[in-house]
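This report refers to the structure that appears directly beneath it.
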Amino acid sequence: MMTGDISDTRYMTDDFFKKATGTDDKQLIYIKGANHIETYWKPEFVKEEAKNMLEFFNKKLGA
């Protein structure tokens with residue numbers, strides 16, 4: 001899961017992440033300086049999110 005570290009909705013992501021059970025194979029990433037809406041369109045935040053997703057899934061695939 002990813003959320004902006006200054007997002008007004010961060011508390012929901014934090015709570016949901018804690019409640020996600022049945023696996024230890026999960027990750028919570030904070031996008032530094034991002035609020036909720038900015039994570040959808042600001043190039044620097046989108047780029048960081050894409051980088052984190054690629055790292056996570058490549059690790060799962062053994063790439």
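The values are calculated or read from the model by the stated rules, or taken from the named source; none is laboratory data. Fair warning: this is a prediction, and the values are worked out from it, not measured in the lab. Here the Cβ positions follow ideal geometry from the backbone for every residue, glycine too, while neighbour counts run over all protein chains shown. Surface areas here come from the heavy atoms of the whole protein model, side chains and all, with no ligands, DNA or RNA. Shrake-Rupley method; radii C 1.70, N 1.55, O 1.52, S 1.80 Å.
Which of the residues spanning segment 1-38 are acidic (D, E) and modelled with pLDDT of 95 or more? Lay out the reasoning, then the answer.
Start the filter on segment 1-38 by keeping residues that are acidic (D, E), which leaves 5, 8, 14-15, 24-25, 38.
Scanning segment 1-38 gives D5, D8, D14, D15, E38.
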Sort out which residues of segment 1-16 are open to solvent by 40 Å² or more (accessible area, probe 1.4 Å) and either in contact with a Leu (Cβ under 6 Å, 6 or more places away or on another chain) or not in a helix (DSSP H, G or I) (or both), and write them in order of number.
M1, M2, D5, I6, D8
State which residue pairs qualify: first residue over 24 Å from G33 (Cα atoms) and inside segment 47-62, second residue open to solvent by less than 90 Å² (accessible area, probe 1.4 Å) in any location, beta carbons under 9 Å apart, and separation of 6 or more residues or different chains.
K60/D25
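If I filter segment 29-41 for residues that are in a loop (DSSP other than H, G, I, E, B), in contact (Cβ under 8 Å) with a residue 24 or more places away in the chain, of a type outside the set (D, E) and open to solvent by 90 Å² or more (accessible area, probe 1.4 Å), do I get at least one hit? Before the answer, list the steps.
Here is the first cut: in segment 29-41, the ones in a loop (DSSP other than H, G, I, E, B) are 32-37.
Now drop any that are not in contact (Cβ under 8 Å) with a residue 24 or more places away in the chain, which leaves 32-36.
Still in the list and also of a type outside the set (D, E): 32-36.
With the extra rule that they be open to solvent by 90 Å² or more (accessible area, probe 1.4 Å), the set shrinks to 32.
So far as segment 29-41 goes, yes, one or more of its residues are in a loop (DSSP other than H, G, I, E, B), in contact (Cβ under 8 Å) with a residue 24 or more places away in the chain, of a type outside the set (D, E) and open to solvent by 90 Å² or more (accessible area, probe 1.4 Å).
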